[in-house]
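See structure below.
Bear in mind that the values in this text are calculations on the coordinates, not laboratory data. This is a predicted model, so every value here is computed, not measured. As a convention, Cβ positions derive from the backbone with ideal geometry for all residues, glycine included, and neighbour counts pool all protein chains shown.
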Amino acid sequence: MADIQTVGGCSKCGSDSVTCKYNFFEQAELEIHSWEHKCLDCGHRLTTAYRSDDEDINFAEESVDQCPYCQRVGNK
């Protein structure tokens, strides 16, 4: 189940209806942490996902459970 919280202002339209959504998936040794900021008024969104099998990042050193946009910590 996704962890969704209202976090404030939209950089595009100025609305206070931006949500921060955190999803966590785990199967065997694979972990996926995904983040989405979305304005409920204009639809503007930002997304980032971290995968434990991604060779381009050091997964153990990244703050994958912390939103890269508002820095809140997600609830699994």
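Points worth noting:
- Nearby lysines by direct alpha-carbon distance to LYS76 (threshold 17 angstrom, same-chain neighbours under 8 apart not counted): LYS21
- Relative contact order, whole percent, for the chain stands at 24, derived from Cα pairs under 8 Å and 6 or more residues apart.
- Total formal charge among the other residues, if their Cβ is under 10 angstrom from that of TYR22, Lys/Arg +1 and Asp/Glu -1: 0
- Charge context of SER11, other residues only, Cβ under 14 angstrom, K/R +1, D/E -1: +1
- Cα gyration tensor of the chain - equivalent ellipsoid semi-axes, whole Å, descending: 25, 12, 10
- Added length on full extension, which subtracts the Cα-Cα distance from 0.36 nm per residue, GLU26 to TYR69: 13.2 nm
- Dipole magnitude of segment 3-51, debye to nearest 20 (Cβ charges: Lys/Arg +1, Asp/Glu -1, about Cα centre): 260 debye
- Cβ crowding within 10 Å ranks GLU26, GLU31 as GLU26, GLU31, fewest other Cβ atoms first.
- Ordered by the count of other Cβ atoms within 10 Å of each Cβ, fewest first, VAL73, VAL7, VAL64 give VAL73, VAL7, VAL64.
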